[in-house]
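The values are calculated or read from the model by the stated rules, or taken from the named source; none is laboratory data. Please read these numbers as outputs of a predicted model, since none were measured by experiment. Glycine gets a Cβ as well: all are built from the backbone with ideal geometry, and neighbour counts include every protein chain shown.
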Amino acid sequence: MHVFFEDDGAFKAGTVLADNATSLQVEAASGKRLKIKSANVLLRFSEPSPSALLADAHALAAGLDPNFLWEVSGEREFGFADLAGEYFGRTPKPAEAAALAFCLHGSPMHFYKKGKGRYRAAPADALKAALAGAERKRHEAAEIAAYVEELKAHRLPEAFRAVLPMLLYKPDKLALETRALNAACEALQTNPVALLAACGAIPSTHDYHFNRFLFEAFPHGTALPPQGEPAALPELARAAVRAFSIDDATTTEIDDAFSVRPLPNGHFEIGIHIATPALAVPQGSALDAVARSRLSTVYMPGRKITMLPDAVIGCCTLAAGTAPLALSLYVEVAPDGTPLKHATRLECVPIAANLRLDAIGERFAEAAAPGEPEWTDELRMLWRVAQQLEAARGKPETPRTDYSFRVDWSAAPEGRVTILPRRRGSPLDKLVAELMIHINSTWGKLLADARVPGLYRAQQAGKVKMSTRPDPHQGLGVAQYLWASSPLRRYSDLVNQRQLLAVVAGDKPPYAEGDAELFAAAADFEVTYAQYAEFQNRMEHYWCLRWLTQEQVTETTATVMRENLVRFDALPLVTRVADLPPLAADARVRLVIGRVDLLALTLETRYAGLAAG
């Protein structure tokens, strides 16, 4: 005796070895012995053999039309053997009944399984939808197959052009293009970015990284929405000073300037003047919404995305030859630079010059020399003040090398980069840094004394964070540190300037203690500022790699940091050297430059020995 039965979701046939009341021992057509429940037996037959039955049933099932069976099966539940009898017009042979079972089981869109060997025809609407879905999948599979063949031939399918940002930066796993790209990558043993590049979809390695950032941080683009004109600025008294700024040559958002004026008592009045966009950008205005959404100017080598529109920058920047409104901190100092007292005033400040870092040099801090350029005396006085401020903080900065990146977009289609070292802790660098620390700390105390909240930068136990309270900044050695010196470039500083202006004028501050808007601005600013900083670091890393290829560098020197991690001597570039032998930290080594991948931002190097000297 043989049986046709269901086992583990499939139909099988076998010879009965033992028949118990509730179970059977069966030798399947495959030769495997099974113990099955009696309830799983669908047919019992004596001939043909189990293997012959399965072969005949599969052959017959291939000729059955599920659509016809669906039409004649009616709406009631039925057994497969019953439908086989109706179909063949007689008692079906075992192979014929089994063929119906295979056909019904293999047509889940047409028939719903209701039990062992029992089925029910799907409703007409459900069948229509299921068939349409199946046709859609068939069509999609054909599309994917065509895309894969084009990609394997390194041709970009036309349909891919409209969805390239999605494919490159945030693949949708369900999209046909993503599925085709992944299939082609698997066939070619490569990755999606490399394959798209091979297909000509990434003409610029720089734009690939830049557009990734725009995709993530500016999904609606960088074009500014209509926001109206800046608010009318009040006419205030003109300060009796000649102020000057100190900035990089490419700076257009000039937030800060300085002035030095001798006093009748032999002391000096040091002015630190900060641009006042808070007067031009009222809280809650359309302009404020733009600044609130961006939260900071985005910096990268060769480009920037400003926080504020050009109209606001134009009326507020401390440009030479103008007398813009500024919030000024005046510090009276002794001849040796020791601070004695200070005052804060809102006024118009005449800007006499915009000095550029690369044009000043560092000689101003040395002894007087004949024919010194203009502003040397003022710079030397500010340098003495900076030295006193640093000593009072007790946190001298360790001299280190920083780098400036300049990109000449006219020199080559992809730009030509120049990377210039700049010594941090130099007199000019220290001068600006100390005056900024002083004004931010002093104005932080001004808000704290007035019990007015602000956005502070605090550091405790080594962790730096935004806070609405005047907590200490241990790294800088100050009791509080308010970000207020860059209101054209940082939203935190713009918010704080509104608070400062209210305190100076004796008005009610726009943000009260516990203000939800202030907390939200602090949280959003911290996240966004970190995102922008990470992008700037990534683009600086990119330009370092570009410089290596641009200058055709084949060998260079580096300094060991730890284990196989080294820092290049001529670039702000850190990399791992796989074959670096065990060496002490600070050991200088020679490296052979290998493959540079400007898309993956990776660099292959090889140890070439210790560097001379």
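Of all residues in the stretch 375-403, exactly one satisfies the criterion of being among the basic types (Lys, Arg) and surrounded by fewer than 13 Cβ atoms within 10 Å (Cβ to Cβ), namely Arg400.
Within the set Leu420, Leu435, the sole residue that is surrounded by 21 or more Cβ atoms within 10 Å (Cβ to Cβ) and at negative phi turns out to be Leu435.
Suppose we keep only residues that are in contact with a strand residue (DSSP E or B) (Cβ under 6 Å, 6 or more places away or on another chain) and surrounded by fewer than 19 Cβ atoms within 10 Å (Cβ to Cβ) within the stretch 264-288. Which one would you say is farthest from Pro350 (Cα to Cα)? Once the filter is applied, the top-ranked residue is His267. All of Ala458, Ala520, Ala433, Ala448 fail the test of being at pLDDT below 95 and part of a helix (DSSP H, G or I), apart from Ala433. The residues of the stretch 311-345 that are buried (at least 18 other Cβ atoms within 10 Å of the Cβ) and either closer than 18 Å to Ala231 by Cβ or among the aromatic types (Phe, Trp, Tyr) (or both), listed by number, are Val312, Ile313, Cys315, Cys316, Thr317, Pro324, Leu325, Ala326, Leu327, Tyr330. Would you check which residues across the stretch 302-345 are of a type in the set (Asp, Glu) and closer than 17 Å to Arg490 by Cα and list them? Asp310, the sole residue that qualifies.
A single member of Leu583, Leu571 is part of a loop (DSSP other than H, G, I, E, B), farther than 30 Å from Arg212 by Cβ and either modelled with pLDDT of 95 or more or not assigned by TED's automatic domain parsing to the domain that holds Arg406 (or both), and it is Leu583. Does Asp515 satisfy the condition of being over 27 Å from the mean Cα position of the chain (by Cα) and at pLDDT below 95? In short, yes.
Taking the condition polar (S, T, N, Q) and assigned by TED's automatic domain parsing to the domain that holds Met300, does Thr605 pass? Against the criterion (polar (S, T, N, Q) and assigned by TED's automatic domain parsing to the domain that holds Met300), Thr605 does not qualify. When Ile274, Ile254 are checked against the criterion of being within 30 Å of Trp383 (Cα to Cα), outside any loop (DSSP other than H, G, I, E, B) and out of contact with any Phe, Trp or Tyr (no Cβ under 7 Å at 6 or more places or on another chain), a single residue qualifies: Ile274. Of the residues Lys508, Lys465, the single one that is out of contact with any Pro (no Cβ under 8 Å at 6 or more places or on another chain), within 29 Å of Thr398 (Cα to Cα), assigned by TED's automatic domain parsing to the domain that holds Asp256 and outside any helix (DSSP H, G or I) is Lys465.
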